[in-house]
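Each remark here refers to the structure printed beneath this line.
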Amino acid sequence: MLTALVVVPFILSAVTAAQYGLWLVLVSAASLLYYSDFGVGTAIVHFASRVRGGGESRTPSDLLSAGILWNTLAAIVVVPLYVLMAGIYVAHHAPAADLSPGVSAALIGLGALTVAVLIIRPFNSALAGAGFLPIEQRFQGIATVVRLVGTLLVCWLAPSLVLIAVVETLALLLPSVLCCITIVRLRQHRVRWSRTTISTMRYMMRYSLRAFASSLIDAALLQGGTLATGILLAPADATYFSIAYRIFSSVRQLLYWITEPLRPALSRLYAVNKVEGDRVLQAMSRTMLAGATVGCLILILAGPGLIRLWVGGEVPVTSIAAASALLLAGLILNSIHIPFAAAAYAAGKPAAFLLTQLMWLCAFLALVKPLSANFGTVGVAAAFAMPLLIVEPLCLFIAKRTLDVSIRQWLWADVLPVAYLVLPGTAASATYFLFIHGEMTGLRSIGAAGVFIAGVAAAAIVRPAMMPTAGLRTIFQTEL
């Protein structure tokens, strides 16, 4: 997503917003269909991590073989379904986007290839579950470089929507291909199918189906904004919404770098040492809430100026900045339960937050049509963020019941330090607004963010103990 932030201006200079928006809708639909694995990837990481902790009888090879078999069966079903849905959508919007039949067919084919990578995605999970998550992340980094360099070269040398889509598809395929090659070279796993494969699949499904429901809802929410914008509004609006969404997703991705590497470690710790697992969870919660709050507030304040500098004034900067601010505000709230959700997966309770996620999705679906009709892309962002005002407090009570999280301790150890850090910066920014007249765009908004950062820095210097350094230290010292 960080790469997506960089390349958007170059893409919009090479193709129209309507053309790229159509491709974004196809990619979003393909990403949603990844969850047709019914959570098998999550189950592989969970049980393979337990194997390393001595709490699991099945071998990593059994888990990987069952995962590949299931995903192959799923791909046989969902790839034709994707081609059918994509064909209907492209046929409806291609004339307005000025796409030829050949280009339309190429985009559908590339989208189908993106879905088909589902077959080898269990190799990613097997590598992470075996304790080699840094290697898997390195492959993600390689794919990021390929996407960045490839997109820039295409935009400069041969501007073409199909070539841009080829580069993005290659970047999506590359990590899974490299993980597959690495697993084969390590010779720690053997893909073999026998009668036990079916029993292993059933065993994994008892965990993965609970994980699947929660993961699918999460994916539907994350991809739903782009899909809803492309369907309810227009492909060009999907491009504009994606600019705001990519700011949100980039911050969210940075936050998930805190929890995702620790998910296998938590599975192992909860199998052998729950006290240590709870200590790591507390460090994750404290660090994520602080990082999300400070980072999102900076981007909310600086958003109008940064977006104008980033993509220029030819796009609707004001609506993009407003949508981005709403999404980032929602992310601050959402960061409350993200560490608890990771811990619930590790503790064998992946469906712990299913009800609240379902409430969020239903509220989004109920709100998105009327709000988008009245407020466009800003309405879509509002439909995404507003339900969290009710959902996240409920998540705290679920965490208390399922993970023995003390709400009083959470308020004292997590919320109070964050409030101490941001209140001086907030007060300084409010004072800045009083002295600045006119629209908060350009350097004015960036100046407001600078004042806020200065306030946070001053608070940290006065009381260093309020910084989440102890939590970061615990995270870095945890064996993956």
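Residue under question is L355, and the condition is that it be under 21 Å from L216 (Cα atoms) and at pLDDT 95 or above; does it hold?
On the way: under 21 Å from L216 (Cα atoms): yes; at pLDDT 95 or above: no.
Considered against the rule, which asks whether it is under 21 Å from L216 (Cα atoms) and at pLDDT 95 or above, L355 comes out as no.
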Any chance A143 is surrounded by 15 or more Cβ atoms within 10 Å (Cβ to Cβ), out of contact with any Gly (no Cβ under 6 Å at 6 or more places or on another chain), small (G, A, S) and within 19 Å of T16 (Cβ to Cβ): no
Any hit, the range 80-103, residues being of a type in the set (G, A, S), under 22 Å from S160 (Cβ atoms) and under 26 Å from the mean Cα position of the chain (by Cα): yes
Exclusive hit being closer than 30 Å to Y240 by Cβ, in the same structural domain as G447 (by TED's automatic domain parsing) and either at pLDDT below 85 or of a type outside the set (V, I, T) (or both), set G295, G277: G295
Single residue of the range 306-346 satisfying the filter (more than 20 Å from Q409 (Cβ to Cβ) and aromatic (F, W, Y)) that is nearest to the chain's Cα centre (by Cα): Y345
All positions within the range 298-329 that are assigned to a helix (DSSP H, G or I), under 16 Å from S242 (Cβ atoms) and not aliphatic (A, V, I, L, M): G303, W310, S319, S324
Pair list, Cβ < 6 Å and 6+ apart or interchain, from the range 75-88 residues that are closer than 19 Å to P122 by Cβ to residues that are part of a helix (DSSP H, G or I) and not aliphatic (A, V, I, L, M): V78/S36
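Could we say that G291 is of a type outside the set (F, W, Y) and either assigned to a helix (DSSP H, G or I) or buried (at least 22 other Cβ atoms within 10 Å of the Cβ) (or both) here? Break it down into steps so the answer makes sense when it comes.
Details: of a type outside the set (F, W, Y): yes; either assigned to a helix (DSSP H, G or I) or buried (at least 22 other Cβ atoms within 10 Å of the Cβ) (or both): yes.
Yes, satisfied.
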Residues located in the range 342-369, provided they are in contact (Cβ under 8 Å) with a residue 60 or more places away in the chain, assigned to a helix (DSSP H, G or I), out of contact with any Ser or Thr (no Cβ under 7 Å at 6 or more places or on another chain) and within 30 Å of V405 (Cα to Cα): A343, L358, W360, L361, F364
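The values are calculated or read from the model by the stated rules, or taken from the named source; none is laboratory data. Computed from a prediction, not measured in an experiment: that's the story for all the values here. Cβ sites come from the backbone with ideal geometry, for glycine too, and all protein chains shown count toward neighbours.
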